[in-house]
Amino acid sequence: MSRTHPPRRRLGRRPVVIAGAFAGACALTMGTLSTAAADEDVDTLARVDNPYAGAQLYVNPDWSAAATAGGGEVIADQPTAVWLDSRAAITGGSAGSNTMGLREHLDEALAQGADAIQIVTYNLPGRDCAALASNGELGPEEIDVYKTEFIDPINEIVSDPAYAELRIINIVEIDSLPNLITNVGGRETATPACDEMLANGNYVKGVGYNIATLGDNENVYNYIDIGHHGWIGWEDNFQASADLLFEAANAEGATPEDVAGFAANTANYSALKEENFAVDDVIGGQPIRGESSWIDWNNYVDELSFAQDFASVAAPAAGFPEGLGVVIDTSRNGWGGPDRPTGPGPQTSADEYVDGGRYDRRIHLGNWCNQEGAGLGERPTAAPEPYIDAYSWIKPPGESDGSSEEIPNDEGKGFDRMCDPTYEGNPRNQYNPSGALGDAPISGHWFQAQFEELLANAHPPL
Ligand code: BGC
């Protein structure tokens, strides 16, 4: 893959010192993955196009231990992201079994000799406005708390010169901006909480402040969340999302140069490549798009095509520089196991053709909580396809999306019936059953039964 992007203007940033020992690795600044240059030769101090390229990624020992204890030793050495999902997580670890604070993770990353670490910043005011399972600690108006008690303390740690040689990949505020496109206004899917976050502007301001502040560090790479194809792949949502991201990339002191790329499918289940049908296929003289209830009027049938078009078409049209890449979360979109189709469905109807051939076996594309039948997806890989910076495990496999019944907690997490296997749905999944596994703990906590399914249904198989 060779893609170029315009030179960055990074005025007022601290000078970058290129250590002599690393000087041989400048090929990496073009974003090409050179295996010869992998690991010790990676020039982590130079600003690069793709921070994953040639980099050894940090393995979170907390997750590794949980995966090993859960019977997943074969994958326990895979890199996963560190979620900063509350103010307390900055020093004391996040939900569930995560015990280490950010500084400890960064120190451990240096000890591992890692070139890059992935963090998720996830604590906006009024978080998770279209659902309840990941509601957080900050109320809708607490933007100043977000800035001064969440982003600023993270920045204080991240900007410590001790970590200047680590690339810090920041996955920014999952689902927030997409919610302001689809779950607001006159739409049937609107919620009062998303209307409020659109009206008060605090998602846009929060994302802007996040990327402006952390982006002042030459070694930080910000990736803004774009939902997934089943959500943002619709005509009305696609360009509108890119435009809103661009607005956030110019808010609160941010500039588009603070954006390294986009994050797709984070914590979701959408298949990477559906190989048995394409969106423009025709069955019985009728296009399957619009006829198939699975596809509905979506323009995309999988994450790869969606992510590539977002980066190459929608983002530049919104004003972003050409050539930004996407990180696709492949932690739980493998859909392998004995039920995986081996070829296309019958051409008897659009529904039979699509439903017989699709890998993604959810009941509806809008289902998002602890999906039954899911498996681990592609193992983390740098620069696998044009415009794709990485396949990566952002959602740590084995961590729940939400509890299947009400469980009192002090994390701000609510009970969302999309995590209840008996629920019949809402407008956001067109009133389909939730497809969620039962007996689930609250979001972020270890869910052993789901972990075992993810291992059993991995694709590629383990
Ligand atoms: C939860 C977070 C958790 C993350 C990763 C989210 O759904 O709300 O608390 O850290 O998942 O598992």
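Structural remarks
- Carbon + sulfur, % of accessible area of the range 20-456 - ligands and nucleic acids excluded, 1.4 Å: 51 percent
- Between the beta carbons of Asp280 and Thr255, assuming R0 = 51 Å, the FRET efficiency works out to 0.85 to the nearest 0.05.
- For the range 216-233, Karplus couplings with θ = phi - 60° (6.51, -1.76, 1.60), whole Hz, Gly/Pro x: 6, 8, 4, 9, 9, 10, 8, 10, 8, 5, 10, x, 8, 4, x, 10, 9, x
- Ellipsoid semi-axes in whole angstrom, largest first, where each is sqrt(5λ) of the Cα gyration tensor of the range 207-314: 33, 13, 10
- Pairs with C-alpha atoms separated by more than 28 Å, drawn from the list Lys147/Lys413; Lys147/Lys395; Lys273/Lys413, are Lys273/Lys413.
- Principal semi-axes in Å for the range 116-255 [√(5λ), Cα gyration tensor, largest first]: 26, 16, 12
- With both residues required to sit in the chain, DSSP beta bridges show an antiparallel share near 20%.
- Separation in nanometres of the label points that stand 7 Å from Cα toward Cβ, at Glu406 and Tyr431: 2.5 nm
- Helix 102-112 axis, angle to the chain major axis (alpha carbon atoms, nearest 10°): 80 degrees
- The slack in the chain from Thr68 to Asp144, taken as 0.36 nm per residue of separation less the alpha-carbon distance, amounts to 23.4 nm.
- Relative protection proxy for 109-118, 69-78, 258-267, from highest mean packing down: 258-267, 109-118, 69-78 (other beta-carbon atoms within 10 angstrom).
- Taking the C-alpha atoms only, the angle from helix 202-214 to the longest principal axis of the chain is near 40 degrees.
- Global form of the range 73-125, assessed from the alpha-carbon gyration tensor, a/c cut-off 1.5: prolate
- Mean shadow area of the range 20-456 over all directions, Cα convex hull, nm²: 19.6 nm²
- Kirkwood hydrodynamic radius computed over the range 344-429 comes to 16.1 Å, based on all pairs of distinct alpha carbons.
- Take the Cα of Arg340, go 7 Å toward its beta carbon, and the backbone nitrogen atoms of the range 369-388 under 13 Å from that spot belong to 374-379.
- Amide proton proximity set for Gly54, modelled H, under 5 Å, gap of 5+: Ser34
- The HN-Hα couplings worked out from phi for the range 115-121 by the Karplus form 6.51 cos²θ - 1.76 cosθ + 1.60 (θ = phi - 60°) are 9, 8, 10, 10, 10, 10, 9 Hz, whole numbers, x standing for Gly and Pro.
- Bins of 10 Å from zero: percent of alpha-carbon pairs in the range 155-207: 22, 35, 20, 17, 7
- The listed peptides 138-150, 339-351, ordered by packing as a protection proxy, come out as 138-150, 339-351 (highest mean of other Cβ atoms within 10 Å first).
- Between the range 231-285 and the range 119-159, the Cα center-to-center distance that results, in Å: 23 Å
- The residues of the chain expose on average 36 square angstrom of accessible surface per residue, using a 1.4 Å probe on protein heavy atoms.
- Helix axis angle, 235-248 relative to the chain longest principal axis, alpha carbon, degrees: 20 degrees
- In this label model, Glu352 and Leu110 are separated by 6.4 nm, measuring between points 7 Å along each Cα→Cβ vector.
- Each peptide in 327-335, 164-172 receives the mean, over its residues, of other Cβ atoms within 10 Å, and ordering these scores from highest gives 327-335, 164-172.
The values are calculated or read from the model by the stated rules, or taken from the named source; none is laboratory data. Note that the structure is predicted; figures quoted are calculated from it, not measured. Here the Cβ is made from the backbone with ideal geometry for all residues, glycine too, and neighbour counts use every protein chain on show. Accessible surface areas use protein heavy atoms only, side chains included; no ligands, DNA or RNA. Shrake-Rupley method; radii C 1.70, N 1.55, O 1.52, S 1.80 Å.
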